[in-house]
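Visitor: What follows is a structure written as structure tokens; I'll ask about it next.
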């Protein structure tokens, strides 16, 4: 299994440009999430999904869109990049165990710089 | 509101010292899960442990041990005989309400182990 894959690993954008960060998992996990990591702030949830066709907003959703047309893929779209979106982005997937959830598997991250 | 607090921003120890990383959480749920993740300088997030709120037994895995105390809402992590390879950022996380797969992360503790 490849686990959780993310592309690209690095990206530089100019203010106002749009782009899509790709995320895929091959573990048939129900849950997928996008986080951003900024210095001193831990990981903050952007959007999440509990299954194909179902998405919802997390703590910091503004400026981002997601969709989940398949179990495997969960792309994150930046609509109009801003310098405040400079960050490291992590995609994660997890699964249900009984009434609870298992650990989250994280992708390697995408380091995005917006100039 | 759910919250995770890691009050120690940075800790520096000399190799072979024992070190404890603190984690305090807030939740009104009776069933929840707690996690620890390690982020080494290479940047990936490595799962360390998952703990169910109904299981208050301490756990030991090699040099790592975890002390879960519901009475004080704490889930502390101890590294015994620290090594340079333990240098990393450590995150404590709490499962969000309901089975959504979301985690709420603390701000992280940066551990530096000096030779």
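Just so it is clear, none of the values below were taken in a lab; they were calculated from the coordinates. No experiment lies behind these values; they were computed from the predicted model shown. Quick reminder, even Gly has a Cβ in these numbers, built from the backbone with ideal geometry, and neighbours come from all protein chains shown.
Visitor: Are any residues in the stretch B:33-45 more than 7 Å from chain A (Cβ to nearest Cβ) and free of Cβ contacts under 8 Å to residues at least 24 places away in the same chain, and if so, which ones? Reasoning before the result, please.
Guide: At the first step, the residues of the stretch B:33-45 found to be more than 7 Å from chain A (Cβ to nearest Cβ) are B:34, B:36-42.
Answer for the stretch B:33-45, where residues must be more than 7 Å from chain A (Cβ to nearest Cβ) and free of Cβ contacts under 8 Å to residues at least 24 places away in the same chain: just B:42.
Visitor: Of everything in the stretch A:69-83, what is surrounded by fewer than 20 Cβ atoms within 10 Å (Cβ to Cβ) and in contact with a strand residue (DSSP E or B) (Cβ under 8 Å, 6 or more places away or on another chain)? Give them in sequence order. Talk me through it step by step, then tell me what you get.
Guide: If we filter the stretch A:69-83 for residues that are surrounded by fewer than 20 Cβ atoms within 10 Å (Cβ to Cβ), which is where we start, we get A:69-73, A:75, A:77, A:79-80, A:82-83.
Result: A:71, A:72, A:73, A:75, A:77, A:79, A:82, A:83.
Visitor: Also, quick follow-up: Kindly establish whether residue B:14 is in contact with a strand residue (DSSP E or B) (Cβ under 8 Å, 6 or more places away or on another chain) and within 12 Å of chain A (Cβ to nearest Cβ). Break it down stepwise before answering.
Guide: Working: in contact with a strand residue (DSSP E or B) (Cβ under 8 Å, 6 or more places away or on another chain): yes; within 12 Å of chain A (Cβ to nearest Cβ): no.
It is false that residue B:14 is in contact with a strand residue (DSSP E or B) (Cβ under 8 Å, 6 or more places away or on another chain) and within 12 Å of chain A (Cβ to nearest Cβ).
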